[in-house]
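The values are calculated or read from the model by the stated rules, or taken from the named source; none is laboratory data. The model shown is predicted, which means the values in this text are computed figures rather than measured ones. Neighbour counts run over all protein chains shown; Cβ positions are idealised from the backbone, glycine included. Just so you know, the surface numbers come from the protein's heavy atoms only, side chains and all, with ligands and any DNA or RNA stripped out. Shrake-Rupley method; radii C 1.70, N 1.55, O 1.52, S 1.80 Å.
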Amino acid sequence: MLNWRELKREKNFIGGNWVEAESGLSIDVTDPATGETIGTIANAGTRDARRAIDAAKTAFEAWSCTTADHRSKVLRKLSACILDHQDALAELLTREQGKPLAESRLEVGSSAAYILWFAEEARRIYGDIIPSPWPDRRIAVTKEPVGVVGAITPWNFPSSMLARKIGPALAAGCTVVAKPATQTPYSALAYGILAEQAGVPSGVINILTGSAREIGGEMTASPDIAKITFTGSTEVGRLLLRQSADTVKKVSMELGGNAPFIVFDDADLERAVDGAVAAKFRNSGQTCICTNRLYVQAGIYDRFLERFAAAAANLMVGSGLESGITQGPLIDRPAVEKVEQFVADACTKGARIVLGGARRDPESLFFPPTILADARPNMRCSQEEIFGPLAPVYKFETEEEAIKLANDTEYGLACYFYTRDLGRTYRVSEKLKYGLVGVNEGLITTEVAPFGGFKQSGLGKEGSKYGIDDYLSVKYTCIGGI
Ligand code: ADP
């Protein structure tokens, strides 16, 4: 069993080898909790990306011809290797990303669960025989792996976001070139070691760190990459979509969110408060399905605000490595400054600070859970993704008004609402233009359910039986002369 230091690799993983960037350049990685440098990774660029794509293309020839049973067994082994190293991987994750160790353990567990799910799905890639309109011809529908996949992942879930892409890709018979976020490269690079242990053949998984612009540019320009799968901001997603147009790639995009959280007068108050704390402050608000806007009906507004502030005040801010901590640091300085700007903007437009509001130490990346009452739609935090521990609370009067406010955004990833009225449950969930709906639940992600946004929150689904579709091409064969 390897410890977190042994799992921390600094070079690129290409064709089964650990190699330096061709430029010889490197990048420092820092622990957001302390600001200390924890390591140095390769600064790869266009030529390294080319090598990785070539390795993945070569490996595709053999991997795409393996049996589903074989791929399933390899993925099962990979899932087991992840779980064998759950504590070490969690520590590595907390050191590079900052989230509390307990959350890191959960994330690593969910990575293993995604890989295992797709190990199972690998054996269920069924085709169809379609009744033929011609007596002398038969119609067969089969599914084939799309080819080499370029996977670009973010820093907020550096382990599980890659698992959600590697799992279905390998299950389908595709090979992968992965580029993790520069802030959090180690959880991804560790997959190189785990893949070797699990018997994933050389070149099936390749991992590059370095210039997003160059690696992303080469991935999208290369005719040898059949598909781009990306999790990150809507802004970069749009760019990758544009860049992918010239070679008409398949694309899967998990982009930004602006999740509404609606509490109706008839809600179970304690349940709504617990859900709001979980959906807002998990990972210090740095998830794309985190609550961005809390809409609370007038009759329950004051009571909710009081209980919500009391519950959030119990959250413990500090280094994710310390026990009892629930709120780690934000990822970097721009992330903290964005939250500060949102608070200042909201306060000039009439919001009231109920909890938190400012960093205790202006040099650190720790920002306390912050609640703003009397929020309004003209505030920046209503329109933009906050990605931090700031909870603006809005008052509304009617169901129609809540639905209108909730849908008034270009995003459509996750939304939540609390009610005990069955009719309202159906009415509201059908009207909300979101890919994920939590009714009386604040934490709803699981590998067995489809994750993916409507509107400008993305394209395609990850996880569940639908999550493999984007990695498969459907082929129709007509067999004549019978
Ligand atoms: P976030 O807002 O979560 O930091 P980004 O969209 O900026 O999200 O980053 C998500 C991932 O996209 C990271 O791996 C980042 O390096 C990568 N990325 C950023 N810019 C580009 C680009 N121009 N081309 C390809 N990938 C990019």
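Quick notes
- Extension gain (nm, one decimal) between residue 47 and residue 5, 0.36 nm per residue minus Cα-Cα: 12.2 nm
- Shape call, region 148-227: gyration tensor on alpha carbons, a/c limit 1.5: oblate
- Most positive-pole-ward Cα, 38, 26, 118, against dipole of region 1-123 from beta carbon charges: 118
- Radius of gyration over Kirkwood radius for region 325-442, both on Cα atoms: the Rg/Rh ratio is 1.01.
- Size of charge dipole - region 27-115 - debye, nearest 20, with Cβ of Lys, Arg +1 and Asp, Glu -1, no other charges: 500 debye
- Relative contact order for region 308-402, counting Cα pairs under 8 Å that sit 6 or more residues apart, in percent: 25 percent
- Shape of region 1-77, Cα gyration tensor, a/c cut at 1.5: oblate
- Calculated log₁₀ intensity ratio I(q)/I(0) where the Debye formula runs over C-alpha points of region 100-172, q = 0.14, 0.16, 0.18 Å⁻¹: -0.59, -0.68, -0.78
- Length gained when the stretch residue 242-residue 134 is fully extended (0.36 nm per residue, less Cα-Cα span): 34.7 nm
- As a length-normalised measure over Cα pairs under 8 Å and 6 or more apart, the relative contact order of region 171-293 settles at 19 percent.
- With the Kirkwood sum run over all distinct C-alpha pairs, region 203-343 has a hydrodynamic radius of 18.3 Å.
- Distance in nm between pseudo-label sites at residue 123 and residue 30 (7 Å out along the Cβ direction from Cα): 4.9 nm
- What the Cβ-Cβ distance of residue 363 and residue 298 gives, at R0 = 56 Å and to the nearest 0.05, is a FRET efficiency of 0.85.
- Pairwise label distance in nanometres, residue 408 with residue 429, each label 7 Å out on the Cα-Cβ vector: 2.6 nm
- Highest mean first, the peptides 204-211, 69-76, 153-160, 103-110 sorted by other C-beta atoms within 10 Å per residue fall in the order 204-211, 153-160, 103-110, 69-76.
- Placing unit charges on each Cβ (+1 for Lys and Arg, -1 for Asp and Glu) gives region 118-272 a dipole about its Cα centre, and among 202, 262, 181 the Cα reaching farthest toward its positive end belongs to 202.
- Amide hydrogen neighbours beyond the local backbone of residue 252, cut-off 5 Å, H modeled: 228, 229, 230
- Counting only protein heavy atoms and a probe of 1.4 Å, the accessible surface of the chain is 52% carbon and sulfur.
- Each listed q (0.18, 0.20, 0.25 Å⁻¹) maps to a log10 I(q)/I(0) for region 1-43, found by the Debye formula over equal Cα scatterers with no solvent: -0.62, -0.73, -0.94.
- Proximal lysines relative to residue 8, as straight alpha-carbon distance under 30 Å, when same-chain residues fewer than 8 apart are discounted: 57, 73, 77, 99, 165, 179, 227
- Size of region 219-272 from its Cα atoms: along the principal axes, largest to smallest, the extents are 55, 16, 13 Å.
- Per-residue packing, averaged as other Cβ atoms within 10 Å, sorts the ranges 264-276, 407-419 into the order 407-419, 264-276, beginning with the highest.
- Computed extension gain for residue 202 through residue 182, at 0.36 nm per residue and net of the alpha carbon distance, reaches 4.8 nm.
- Semi-axis lengths, largest first, of the ellipsoid equivalent to region 82-136 are 44, 10, 7 Å, with √(5λ) applied to each eigenvalue of the Cα gyration tensor.
- Each label point was placed 7 Å from the Cα along the Cα-to-Cβ direction; for residue 476 and residue 443 their separation is 4.6 nm.
- Placing +1 on the Cβ of every Lys and Arg and -1 on the Cβ of every Asp and Glu, with no other charges, gives the chain a dipole of roughly 960 debye about its Cα centre.
- Charge dipole (Cα centre; +1 on Lys/Arg Cβ, -1 on Asp/Glu Cβ; no other charges) of region 333-377 amounts to roughly 120 debye.
- Label zone of residue 380 (point 7 Å out along Cα→Cβ, amide N under 14 Å): in region 276-314 this covers no residue at all.
- Shown here are the Rg and Dmax of the Cα trace of the chain, at 23.1, 79 Å.
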